[in-house]
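Taking it in order: structure first as structure tokens, then the write-up.
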Amino acid sequence: MQNEHIPTPKQLIYNLIAEKGTVAKADLLAYTSLTSSTLTRMLEEMIEEDLIEAADLGPSRGGRRPILYQINANYGYIFGLEVSRIHSSLGLFDMQLNPKSLIHWRMDEAMTPERFLEYTMRQIRNFLRDHRIPHEKVLGLGIGAVGPLDRTSGTILDPLYFPAKGWCNIPICDLFAKETGWRVILENGANAALIGEQWALRHDQIQHALYVHAGVSLRSAMMSHGRIVHGTMDMEGSIGQMIIQTDGPRLNNTGNYGALEAYASIEALEKQARAQAKMGRFPFLHHKEVPPEQINFDLLLQAQRLGDSFAQELFNQSATYFGIGLANLINIFHPEKVILGGALINSSQMYFETATEIATKNAYYYPKYTPQFSKGELKEAAVVTGAALNVWKTMEL
């Protein structure tokens with residue numbers, strides 16, 4: 001069961017040192033209610049345990065130059081794993097959350113849960129061998145996965161649109177714990193991405209942030225006062241059911257009529273292109289003949305980048321609808337930072353700019369209130385970093 005982790009004073013000091021990079025004892029005292037003697041004893045204990053180390057001497061404040069402390073990057077290692085529909089990823093991180101190795105692979109019809117477990121374990125063993133890291137030096141595995149999930153039991157429930165069969169009620173934490181003997185923590189992928197991005201932006205002290213992923217599905221995560229907002233259900237994909245046109249269509253005859261996913265998702269884009277192609281409107285790749293049923297996102301992406309006007313029109317329309325949905329979220333949460341990711345956002349700069357322009361103009365209190373928009377610092381590594389960070393934050397010291 002994944003109860004909320006309550007950090008000990010030792011953990012709080014460790015976290016502070018990690019977040020600051022290098023920090024003097026006087027600065028640590030300013031952030032805590034510990035006495036100087038207690039903090040000194042704690043720092044000495046953490047040095048003996050190899051958790052932290054003296055990095056350098058800081059500038060003098062009128063006396064001797066203070067010792068600057070930093071966490072020991074090689075104390076242990078953590079894996080982060082992303083389970084997604086198009087691509088999955090695996091990352092190995094040291095204690096400073098520096099990536100030692102990262103790998104991405106495509107999820108196809110052959111990538112069943114059994115094959116996924118086998119493939120991931122092979123990559124884990126390769127990473128450990130390449131870096132000569134003993135198995136016991138690994139502190140755990142964090143997983144960021146497409147929802148819906150049961151985080152308590154560590155189970156992927158019944159996600160839609162996986163190319164391979166069998167991705168239903170998968171006890172993924174138990175499967176990897178049995179293979180590795182490590183602690184395994186599950187979080188939905190959108191939340192993990194936002195956790196990772198907040199870490200990358202930690203010096204900006206962002207407290208209220210919104211993350212939206214636009215790809216095969218639409219996923220979102222919200223952070224308030226520096227903490228992820230968890231709902232009763234881990235339904236990260238419910239943003240796609242936001243109604244933006246009451247008499248609109250449904251995607252695959254499921255969900256709400258006029259839902260955002262029917263206008264701004266990869267499948268919606270493919271569906272619109274195929275429908276137009278059947279009417280003879282789609283001159284794909286300079287009039288090259290492509291059967292309508294074979295039009296997919298990769299082909300649309302290629303057409304757009306080759307300057308095909310109809311493909312560009314489809315992406316622009318999708319971005320406009322996505323911007324409307326994004327404005328609705330912004331008007332509910334009022335974040336200071338909005339981070340966008342996913343295959344649609346990364347399809348072109350035009351998609352990002354169109355969506356954010358529409359969202360900005362439809363934000364309440366505009367122009368007095370204008371959130372900052374970003375594609376993030378970590379991009380494809382956001383989920384694996386956030387997943388690893390979940391293990392890091394909950395380790396016992």
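Read-outs throughout are calculated quantities, based only on the coordinates presented, and are distinct from any laboratory measurement. Since we're looking at a predicted model, the values are computed, not measured. Backbone-built Cβ (ideal geometry, glycine too); neighbour counts: all protein chains shown.
From its DSSP helices (H runs of at least four residues, each -39,500 (n - 2.57)), the chain gives a residue-normalised ellipticity at 222 nm of -11500 deg cm²/dmol. Bridgeable lysines around LYS20 (alpha carbons under 17 Å apart, same-chain partners fewer than 8 residues away excluded): LYS10, LYS393. Taking amide hydrogens as placed 1.01 Å from N in the peptide plane, the amide H of SER101 sits under 5 Å from those of LEU92, each at least 5 positions away in sequence or on another chain.
Near the amide H of LEU68, within less than 5 Å, lie the amide hydrogens of ALA55, ASP56, LEU57, GLY58, all on another chain or at least 5 residues away, with H placed in the peptide plane. Within the chain, the ratio Rg/Rh, alpha carbon atoms throughout and Rh by Kirkwood, equals 1.02. Taking every DSSP bridge with both residues inside the range 142-225, close to 70 percent are antiparallel. In terms of surrounding Cβ atoms within a 10 Å radius of their Cβ, VAL383, VAL216 rank from fewest to most as VAL216, VAL383. Helices that extend 30 Å or more along their long axis by alpha-carbon positions and average at least -1.0 on the Kyte-Doolittle scale are, among the DSSP H runs of the chain, 309-333. Rounded to the nearest 5, what % of the DSSP beta bridges within the chain are antiparallel ones? Within the chain, antiparallel bridges account for around 65 percent of the total. The order of the peptides 359-366, 197-204 by mean Cβ neighbours within 10 Å, most packed first, is 197-204, 359-366.
Seen from all directions on average, the range 80-151 presents a Cα convex hull projection of 5.4 nm².
Amide H contacts of GLY341 (H built 1.01 Å from N, in plane; Pro and chain starts excluded): VAL212, HIS213, ALA214 sit under 5 Å, all sequence-distant by 5 or more or on other chains. As a proxy for reagent exposure, CYS168, CYS173 were ordered by neighbouring Cβ count within 10 angstrom, fewest first; the result is CYS168, CYS173. Listed from fewest to most Cβ neighbours within 10 Å, the set MET111, MET223 follows the order MET111, MET223.
Here is the P(r) of the range 267-380: all C-alpha pair distances, binned every 10 Å from 0, give 14, 40, 27, 15, 4, 0 in whole percents.
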